[in-house]
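The values are calculated or read from the model by the stated rules, or taken from the named source; none is laboratory data. These figures come from a predicted structure and were not determined experimentally. Every residue, glycine as well, gets a Cβ built from its backbone with ideal geometry; the counts of neighbours run over all protein chains shown. Areas reflect the complete protein model, heavy atoms only, side chains present, ligands, DNA and RNA absent. Shrake-Rupley method; radii C 1.70, N 1.55, O 1.52, S 1.80 Å.
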Amino acid sequence: MDIQKVKEEVQKLREKIRYHNYRYYVLDDPEIGDYEYDKMLNRLIELENKFPELITPDSPTQRVGGQPIKEFGTVQHVVPLLSLANAFNDGELKDFDRRVKNTVGRDVRYIIEPKIDGLSVALEYEKGVFVRGATRGDGFVGEDITQNIRTIKSIPLKLNKPVDIIVRGEVFMPKKAFEKLNTERALAGQNLFANPRNAAAGSLRQLDPKITATRDLDIFVFNIQQTRDVHLKSHMESLEYLKELGFKIIPAILNTASIEDMAKVCNDWQDKRHALSFDIDGLVLKVDDLSQREVLGFTAKNPRWAIAYKFPPERQETKILDIIVQVGRTGVLTPTAVFEPVVVAGSTISRATLHNKDYIKQKDIRIGDIAIIQKAGDVIPEVYEVRKEKRTGDEKPFTMPNVCPICGAKVVRLEGEAASRCIGDACPAQISRLIIHFASRDAMDIDGLGPAIINQLLDNGLIHDAGDLYYITHDQLKSLERMGEKSATNIIRAIDESKGRGLDRLLFALGIPLVGTRAASLIAGYFGHIDNIITAEADDFLQIDEIGDKIANSIVTFFRQPQNIALVEKLRKAGVSLEYKRREIGNALEGMAFVLTGTLENYTREEAKQAIEERGGRVVSSVSKKVDCVLAGEKAGSKLQKAKDLGVKIIDEEEFNALLNRS
Ligand code: IVH
């Protein structure tokens, strides 16, 4: 192939792809479909693979390339990224207007923009090519997040003009992307982000840009920090210029000279903001004329030519109809206020958590109270305060029940805990916790079956206990929200595989109080089959070294409960192994001394030690000539060096597996 021709084709493809990226990600107005776009991108990737010397950092293929890093470097901002002074009401807006006019005269136009609730970033371009992205940090020094910034598709890697420029904007996560991300995290059993801002921050500060790339971040650019390539007269002109360069610019809400109009817009947007596809926490008012801005200048922290109008947290009055108690999946009793439905921050709400007894006491919340419900920066509603002056005398104080409203078992408050808990073993609220334990790694190790899926299965009535897991069908799994074909297949396979784990794992998985992995393994080894355990008396367990009264009684009590026997029968019918699999271990390592160093992929240190000891070997802590073998994992340190110096045999994990007869 003629390299000159390839170069031309690559050039053309890049221009086309850049243009369609712009239509799609910046203008939100695509001209072509995914198929056509992918065809061009794939052709470009093909050519770049064949001719890697043609790859440039501003190629559309180069958004996700870099490897994970250990920590972010720092960037000194050439022009500080100042923050804005705040106004919280009309009066403070008028004060701002007065100060501006006192300095520059009466003839002032203001631009109002949404105040995006995201993260401020500076983007630097040299000759039109993106070279650096940084967080705001303390305004003077930020973190270098160039690799993560590159993954944001609405940020151009190459501008339409070869200019040197630093711009400032706000990176944010659209509401839809936030909801999608949290649903995925819930399904994977991961912690949820509290709001889109936190999600955006967490995504931008990822050390692995590949993760950032999956997060659907977006940007609005609103300021030129520095450039010598153009002379502009007003903010509107500079936004126009930024647009010409290819940036996604902040949409202006109003361009006006009237302070009354501004106050009205600020009021109107408290409600209007909920219809936007992204979160805003206020509006920003800016003097439009750049020469007036120069005269106004800056205080130490803020420009004098702009102000942020912050929306007050939204509050509504309503009546508390009841305080009910919900029993969570871990047995915690949470009092919840139920009130007459009200619209706060764009959504209708009728409940708010009251957390615990102390919280209710501190705020003196009573059933029948008129309360002020608030939704602040967070999405979670709360009782801000109750209007004591509106009390009629009919209000009833709340008392925490001392028995569980679901199962009737005793409720206790543990030392040092704010929460009250139900301690009933058979409480439906605790079933979820038991099933999660059953599927966990050290128990039946059902890969992919995390808390979120288990809770969905429970909520949909597809399971009632751990035994039901073995009767779930592929179609039932697939009917769960956000469950894909492939995940469903994998989970069904993992459930099936878990049938053969053996009695020791099953005994631990049953969640019998006091029976940990060690006790489960000893008991399983001694009795050999679950039927022998079910029929055993407490004394029989005491024949086993290390097993005392408490564990013995706990097991006997457990198997006297009919629902636990029913569970065993369900497992038996499903083909779950109820037998102990004796592992042929042998004495292959008799008398040998080992030193462990570094981390192993498939063993914890304790497991490796156990495996050696079971075969007659022992583990010592320091390397000497008396040591037979050093087992070195990842990041092995000085012990490895010493072994080399002394000429002691060194083995890796694979050789260790072979020694144990496991490979
Ligand atoms: S102007 C000197 N405009 O709000 C320029 N800021 O403290 C000052 N923000 O973290 C910024 N939307 O990043 C401006 N339309 C907007 C904005 C905006 C969000 C952020 C800004 C800063 C904070 C103000």
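One line per residue, one yes/no per condition, for (1) open to solvent by less than 80 Å² (accessible area, probe 1.4 Å); (2) touching a strand residue (DSSP E or B) at 6+ places or on another chain (Cβ under 6 Å); (3) assigned to a helix (DSSP H, G or I); (4) under 21 Å from I650 (Cβ atoms):
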residue	(1), (2), (3), (4)
A566	yes, no, yes, no
L571	yes, no, yes, no
E590	no, no, no, yes
F594	yes, yes, no, yes
A611	yes, no, yes, yes
K625	no, no, no, yes
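If I filter the stretch 65-76 for residues that are within 16 Å of the ligand (Cβ to nearest atom) and of a type outside the set (A, V, I, L, M, F, W, C), do I get at least one hit?
No: the stretch 65-76 contains no residue that is within 16 Å of the ligand (Cβ to nearest atom) and of a type outside the set (A, V, I, L, M, F, W, C).
Would you please name the residue that is most open to solvent (accessible area, probe 1.4 Å), looking only at residues in the stretch 177-196 that are aliphatic (A, V, I, L, M) and either within 23 Å of L276 (Cβ to Cβ) or part of a helix (DSSP H, G or I) (or both)?
First, pick out the residues of the stretch 177-196 that are aliphatic (A, V, I, L, M): 177, 181, 186-188, 192, 194.
Filter once more, so that each one left must be either within 23 Å of L276 (Cβ to Cβ) or part of a helix (DSSP H, G or I) (or both): 177, 181, 186-187, 192, 194.
On the way: A177: 16, L181: 18, A186: 39, L187: 37, L192: 102, A194: 41 Å².
This residue is L192.
Filter the stretch 475-497 down to residues that are under 22 Å from R572 (Cα atoms) and in contact (Cβ under 8 Å) with a residue 60 or more places away in the chain, then give me how many there are.
0
Those residues that are at pLDDT 90 or above and either away from the ligand (no atom under 16 Å from the Cβ) or open to solvent by less than 40 Å² (accessible area, probe 1.4 Å) (or both), I need them from the stretch 296-315; list them, please.
The answer is L296, G297, N302, P303, W305, A306, I307, A308, Y309.
Quick check on my filter: what residues within the stretch 325-348 are open to solvent by less than 50 Å² (accessible area, probe 1.4 Å) and either within 16 Å of the ligand (Cβ to nearest atom) or closer than 30 Å to C404 by Cβ (or both)? Walk me through it before giving the result.
As a first pass, look at the stretch 325-348 and keep what is open to solvent by less than 50 Å² (accessible area, probe 1.4 Å): 325, 327-328, 331-339, 342, 344-345, 347.
Correct list: V325, V327, G328, G331, V332, L333, T334, P335, T336, A337, V338, F339.
Can you tell me which residue is modelled with the lowest pLDDT among those in the stretch 18-40 that are over 19 Å from D216 (Cα atoms) and of a type in the set (A, V, I, L, M)?
I32
In the stretch 441-478, how many residues are open to solvent by 40 Å² or more (accessible area, probe 1.4 Å), closer than 17 Å to R493 by Cα and not basic (K, R)?
8
Out of all the residues in the stretch 239-264, which are within 14 Å of the ligand (Cβ to nearest atom), open to solvent by 10 Å² or more (accessible area, probe 1.4 Å) and outside any strand (DSSP E or B)?
Of everything in the stretch 239-264, those that are within 14 Å of the ligand (Cβ to nearest atom), open to solvent by 10 Å² or more (accessible area, probe 1.4 Å) and outside any strand (DSSP E or B) turn out to be K248, P251, A252, I253.
For the structure I just gave you, tell me whether G202 is within 29 Å of K301 (Cα to Cα) and either part of a loop (DSSP other than H, G, I, E, B) or within 16 Å of the ligand (Cβ to nearest atom) (or both). If you could, list the steps in order and put the result at the bottom.
On the way: within 29 Å of K301 (Cα to Cα): yes; either part of a loop (DSSP other than H, G, I, E, B) or within 16 Å of the ligand (Cβ to nearest atom) (or both): no.
Judged against the criteria, G202 is not a match.
Under 6 Å between Cβ atoms, at least 6 apart or on separate chains: pull out the pairs that start in the stretch 166-177 with a residue that is among the acidic types (D, E) and end on any residue that is in a strand (DSSP E or B).
Every condition considered, the pairs that remain are E170/I116; E170/S120; E170/F220.
Taking into account only those residues within the stretch 164-175 that are over 26 Å from the mean Cα position of the chain (by Cα) and open to solvent by 10 Å² or more (accessible area, probe 1.4 Å), which is farthest from L245 (Cα to Cα)? Spell out the reasoning first.
First, the residues of the stretch 164-175 that are over 26 Å from the mean Cα position of the chain (by Cα): 164-168.
From the residues that got through so far, the ones that are open to solvent by 10 Å² or more (accessible area, probe 1.4 Å) too are 164, 166, 168.
Details: D164: 11, I166: 12, R168: 14 Å.
Per the stated criteria, the residue is R168.
Go through R518, R582, R493 for me and flag whichever is part of a loop (DSSP other than H, G, I, E, B) and under 42 Å from the mean Cα position of the chain (by Cα). Lay out the reasoning, then the answer.
Working: R518 fails: part of a loop (DSSP other than H, G, I, E, B); R493 fails: part of a loop (DSSP other than H, G, I, E, B).
Just a single option satisfies the conditions, and that option is R582.
I'd like the full set of residues that are open to solvent by less than 20 Å² (accessible area, probe 1.4 Å) and more than 13 Å from the ligand (Cβ to nearest atom), limited to the stretch 84-139.
Passing the criteria: L93, F96, D97, V100, V108, Y125, G128, F130, G133.
Could you pull out the residue among V10, V26 that is open to solvent by less than 70 Å² (accessible area, probe 1.4 Å), touching a residue at least 60 places away in the same chain (Cβ under 8 Å) and not acidic (D, E)? Break it down into steps so the answer makes sense when it comes.
Numbers: V10 fails: touching a residue at least 60 places away in the same chain (Cβ under 8 Å).
Being open to solvent by less than 70 Å² (accessible area, probe 1.4 Å), touching a residue at least 60 places away in the same chain (Cβ under 8 Å) and not acidic (D, E) holds for just one of V10, V26, which is V26.
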